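Q: For reference, the structure I am asking about is given below.
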Amino acid sequence: MIKRTKVKIRQGSFHLLFWGWLIFFCSLSEYFLFRYTDIENPWLVWLLTIPGSFVSFIYGYVKGRNSPFHTYADMLYLWTWIGFFISAIVLFIIIYERIELVAPYILALAAIPTFISGFIIRFKPLIIGGISFWVFALVGYFAGPSIGPLAVPAAMLTGYLIPGYMLKKKVDHGTI
């Protein structure tokens, strides 16, 4: 049963890669639009995360519905990420007036489910990815406005994309 759960969750690399690339794109786009253009609201690129949420939820729903079993580890994994999603929405509402300061807080918050997920599926690169989110949250907070915003795409590389591709490779090669 534990082996089946590990395989099922490891096949969830879709979410790591999907969100890793989406956030990587949005954060770099916002950075370049802010630094090198006169666009008044470069943060509007983040609105892409709204349809991204629907894609992610629909994918998860379809995959979950087609699964013949759901274990405690599956439910723990699912509710950890749902808890993150709800917390992120609450954080955006609270910090709306100072939205330009949100990135380090979101990175620190995203570290928690990433770190826990790594332990649930016993996958060290994801555990290290969670730790890297905490490190980049500090970098984003203390580095200043010229370098700090680059902490988000760096965190996406180390926290979601690299572990996501490693997980996908394990699944594709049947080494799990």
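Q: Tell me whether segment 89-112 contains one or more residues that are modelled with pLDDT of 90 or more and among the charged types (D, E, K, R).
A: Among the residues of segment 89-112, not one is modelled with pLDDT of 90 or more and among the charged types (D, E, K, R), which makes the answer no.
Q: Okay, next question. Across segment 148-166, which residue is farthest from Ile128 (Cα to Cα) among those that are surrounded by fewer than 21 Cβ atoms within 10 Å (Cβ to Cβ) and among the small types (Gly, Ala, Ser)?
A: Taking the candidates together, the pick is Gly148.
Q: Just a yes or no: is a residue in segment 32-55 in contact (Cβ under 8 Å) with a residue 40 or more places away in the chain, assigned to a helix (DSSP H, G or I) and surrounded by 18 or more Cβ atoms within 10 Å (Cβ to Cβ)?
A: No, segment 32-55 contains no residue that is in contact (Cβ under 8 Å) with a residue 40 or more places away in the chain, assigned to a helix (DSSP H, G or I) and surrounded by 18 or more Cβ atoms within 10 Å (Cβ to Cβ).
Q: Of all residues in segment 87-105, which are under 16 Å from the mean Cα position of the chain (by Cα) and touching a residue at least 40 places away in the same chain (Cβ under 8 Å)?
A: Across segment 87-105, the qualifying residues are Ala103, Pro104.
The values are calculated or read from the model by the stated rules, or taken from the named source; none is laboratory data. Note that this is a predicted model, so its numbers are computed, not measured. Positions of Cβ are generated from backbone atoms using ideal geometry, with glycine treated the same way; all protein chains shown enter the neighbour counts.
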